[in-house]
1. Explain nothing, just compute: Karplus ³J(HN,Hα) = 6.51 cos²θ - 1.76 cosθ + 1.60, θ = phi - 60°, for every residue of region 235-250 in order, whole Hz, x for Gly and Pro.
2. Based on the Cβ-Cβ distance from Glu34 to Ser188, what FRET efficiency comes out when R0 is 41 Å, to the nearest 0.05?
3. Classify the chain as rounded, prolate or oblate, taking a ≥ b ≥ c as the square roots of the eigenvalues of its Cα gyration tensor: rounded when a/c is under 1.5, otherwise prolate if a/b is larger than b/c and oblate if not.
4. Return the long-range amide H neighbours of Ile139 (sequence gap of 5 or more, or a different chain), with a cut-off of under 5 Å between placed amide H atoms.
5. For a label point 7 Å from the Cα of Gln272 along Cα→C-beta, name the residues of region 223-239 whose backbone N is under 18 Å from it.
6. Using only DSSP helix segments of four residues or longer, with each worth -39500 (n - 2.57), what per-residue ellipticity at 222 nm results for the chain after dividing by its residue count and rounding to 500?
7. What full-extension length gain, to one decimal in nm, is calculated for Ala120 and Ile243 as 0.36 nm per residue of separation minus the Cα-Cα distance?
8. Identify, among Pro33, Gly322, Leu259, the residue whose Cα sits farthest towards the positive end of the charge dipole of region 14-327, taking +1 on the Cβ of Lys and Arg and -1 on the Cβ of Asp and Glu, with the dipole about the Cα centre.
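We did not get these values from a lab; they are worked out from the coordinates using the rules stated. Just so you know, these numbers come straight off a predicted model, no measurement behind them. Because the Cβ atoms are built from the backbone with ideal geometry, glycine has one as well, and the counts that use them run over all protein chains shown.
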Amino acid sequence: MTQEREMEKISFDWLNKLPKVELHLHLEGTLEPELMFELAQRNQVTIPFQSVEQLRAAYQFNNLQDFLDIYYQGAEVLLVAQDFYDLTWAYLLKCKEQNIIHVEPFFDPQTHTARGIPFATVLEGIERALIDGKNKLGISSKLILCFLRHLSEEDAFNTLAQAIPYLDKIRAVGLDSSEKGHPPEKFSRVFAKARQLGLLTVAHAGEEGPAGNIWTAINDLQVARVDHGVSAISDQPLMAELIKTQMPLTICPLSNTKLKVFADMSDHTILQMLADGVCVTVNSDDPAYFGGYMTENFVALVDALNLNKTQAKQLVANSINGSFVSQKSKQKMLVQLSDYR
Ligand code: HPA
Ligand code: ZN
């Protein structure tokens, strides 16, 4: 690439058409206000908002917990398998629009089983949409079951037991919800059991919590990726370890500024980590709540940090390398990426 072309600002269209892979996406976080209202009406669930506009206006958060409170409330409109299908399908259509070719989404079964919705209902609705995503849209996927870390170890064990009939449909377990006060090691035994069952592991760590949580996610939970992991930058030995092992970090720029992990996008350290050789990736986390899907996250990095095309393609290559597909599928995606100009 010539110096001159590197200097020009990347357009929305170039980023939108860039083949992309998403590794940090909560399906419940893709529930757009319009679908929330539609499902509320369909299921006769009352929500404490009068309009889509009022709901969107409520999406102002000072921290992770502010967001989680509204996110769990929003999920209450999801009742039957068709709701989970519609939610997942709407996200996959967005992926098609933004040329996201492979996704590894999270779902939070406990958010639903706690309300009396069977695990099977949730899983079957999501799974049917993911199959249609592959067959009708050409989008491949690997599903990740997340445990809610504010709940007990026992509750996580019960959830894992409910997943056993569906292990062929779930590639990994993860850990989300409130990081403060709920360190990774709280779930060491559950994750050991999950690994025994043949599942891979990931965990949110170092989002609002300290770098120590990234160490324990790696050492105690034996994660294959760290979700967020932005606090690693404060720990030089950890940075060296992440670079040496090429441990992927699934970073979510718009999430980080919406939840005030960084005060401003211009303060975000993702490109510094990329330059240091950390395997950082770009993801949307909860796009319906944080103001954008994958393309918008890349655009935010262009606007605030002058992201260039070489960096954008390296970020996608990192996602491909950090994904849970076969070496052969990775090679195919890497070729598709390098052919893109
Ligand atoms: N962090 C923790 N839990 C979550 C998140 C997040 O960014 N999104 C949905 N659940
Ligand atoms: Zn997340």
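1. With the stated coefficients, region 235-250 comes to 10, 4, x, 5, 4, 4, 5, 4, 5, 4, 8, 6, 5, x, 10, 8 Hz.
2. Numbers: r = 41 Å, r/R0 = 1.00.
FRET efficiency, Glu34 to Ser188: 0.50.
3. Rounded, since a/c falls under 1.5.
4. Lys134
5. Of the residues in region 223-239, 228-239 have backbone N under 18 Å from the label point off Gln272.
6. When only DSSP H runs of four or more count, the value is -14500 deg cm²/dmol.
7. Working: separation 123, 0.36 × 123 = 44.28 nm, distance 3.95 nm.
Once the chain is fully extended between Ala120 and Ile243, it gains 40.3 nm.
8. Checked the options; the winner is Gly322.
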